[in-house]
Amino acid sequence: MSEHKATIRWVRSGDEFLKGRFSRAHTWAFDGGATVSASSSPSAVPVPFSVPANVDPEEAFVASVSSCHMLTYLWAAYRSGFIVDSYEDEAVGVMTKNEKGIFWVSSIVLHPKISYSGDKIPTEEDIARFHHQAHENCFIANSVKTDIRVE
């Protein structure tokens, strides 16, 4: 078992909280020392009460799914004796309403571009197997009900 911690900090500024006129800007601090500027998404809360340059929870969720898939893919490739030189993914999460009319991230589509080198280059079947292993073994994918696909 392991624990993973994040400290989320927000402080009110201004006097219009009860009117909904308050900043959603906040920070995420992680146990390793990194601090990330966060905010609600401008698609949910308009500027100036959200900060478009900051990471929003939905983006972070998509990034964590993609990152977990990548790390598990790299593990599967290395275990099979393949050298991965680079991995880039432009992951896209889509929000829709569920049966109760509540928005949720219903799907995430991964678009990995992977480069290999060495004497042993994976076949399409190997690559498909690595993606399957990544999906089956990714801690985040195993923790959510969002449909996650690789294209």
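Brief remarks on what is shown
- Qualifying residue in the range 121-135 (condition: in contact with an Asp or Glu (Cβ under 9 Å, 6 or more places away or on another chain) and free of Cβ contacts under 8 Å to residues at least 40 places away in the same chain): no
- Scanning the range 123-149 for residues that are in contact with a strand residue (DSSP E or B) (Cβ under 6 Å, 6 or more places away or on another chain) and modelled with pLDDT of 95 or more turns up just one, 131.
Results for (1) within 30 Å of residue 128 (Cβ to Cβ); (2) within 21 Å of the chain's Cα centre (by Cα), shown as yes or no for each residue.
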| site | (1), (2) |
| --- | --- |
| 18 | no, no |
| 43 | no, yes |
| 50 | no, yes |
| 66 | yes, yes |
| 69 | yes, yes |
| 91 | yes, yes |
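- The listed residues are 31, 56, and the only one of them that is farther than 23 Å from residue 89 by Cα and either in contact (Cβ under 8 Å) with a residue 12 or more places away in the chain or in contact with a Phe, Trp or Tyr (Cβ under 8 Å, 6 or more places away or on another chain) (or both) turns out to be 31.
- Residue-level analysis places residue 83 outside the set of residues that are surrounded by fewer than 16 Cβ atoms within 10 Å (Cβ to Cβ), within 30 Å of residue 43 (Cβ to Cβ) and over 17 Å from the mean Cα position of the chain (by Cα).
- Just one of the numbered conditions (1) within 30 Å of residue 121 (Cβ to Cβ); (2) surrounded by fewer than 12 Cβ atoms within 10 Å (Cβ to Cβ) is not true of residue 99: (1).
The values are calculated or read from the model by the stated rules, or taken from the named source; none is laboratory data. Quick caveat, the model's predicted, so the values are computed rather than measured. FYI the Cβ positions are ideal-geometry reconstructions off the backbone, even for glycines, and counts take in every protein chain you see.
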